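Step one of this worksheet: look at the structure below.
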Amino acid sequence: LFLQIKSFLNKEINYIKNYMEWIYNITQQNRELLLKFMNKFSLDQLNQVPEGYKNSIYWNIAHTVVTQQLLTYGLSNEPLLIDAELVNCYRKGTVTSSKATKNDLEIMKSLLFSTIEKTKIDYEKGNFKNFTPYTTSLRITLSSIEEAISFNAFHEGIHLGYILSMKNCLLVEE
């Protein structure tokens, strides 16, 4: 019986590891798409708020970085990997209030990948032990770090959808 339980638990652990790797890959692919937008469009285009929208493409990208940090490190009572000012500008409930600079853009390009790479390392080390349950604005309750990381992939997909819609509304530069 002990060997059967041990075998079952090992299968479950492997399932969770494979699932978390799958979610990490989804997030990585999404971030690569966001980087392509950052490289394709000019800074002026990234800062535009098209008619009918509240925020710019840049805001949506920065918001995904901030939200990932708040859902993982923030809800686990761990120090964020990003500056508090970034959180204040791009957290839920904010709108585009200033234009990003070239320096902001370069920092954000770096944060796109460094934040999820460090999160993956910290998750594998077991650093997210003190997770505080949280109910999102979509009324989805996150009860564990695994649920928060999974929800984050969903959340980033929503903002990728906004960006895909917005890119067709950008003013063409002369």
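The values are calculated or read from the model by the stated rules, or taken from the named source; none is laboratory data. This structure is a prediction, so every number in the text was calculated from the model and none was measured. For neighbour counting, all protein chains shown are included, and Cβ atoms are generated from backbone atoms with ideal geometry for every residue, glycine included. Side chains are part of the model used for accessible areas, which takes the heavy atoms of the whole protein and leaves out ligands, DNA and RNA. Shrake-Rupley method; radii C 1.70, N 1.55, O 1.52, S 1.80 Å.
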Here is a list of conditions, (1) of a type outside the set (S, T, N, Q); (2) open to solvent by less than 100 Å² (accessible area, probe 1.4 Å); (3) more than 20 Å from the chain's Cα centre (by Cα), and Tyr24 meets all of them except one; can you say which number that is? (3)
Taking the range 53-67 on its own, how many of its residues are crowded, with 22+ Cβ neighbours inside 10 Å and outside any helix (DSSP H, G or I)? 1
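Each row is one residue, and each column tells you yes or no for (1) modelled with pLDDT of 95 or more; (2) under 24 Å from Thr67 (Cβ atoms); (3) surrounded by fewer than 11 Cβ atoms within 10 Å (Cβ to Cβ).
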site	(1), (2), (3)
Phe2	no, no, yes
Glu12	no, no, yes
Lys17	no, no, no
Glu32	yes, yes, no
Phe37	yes, yes, no
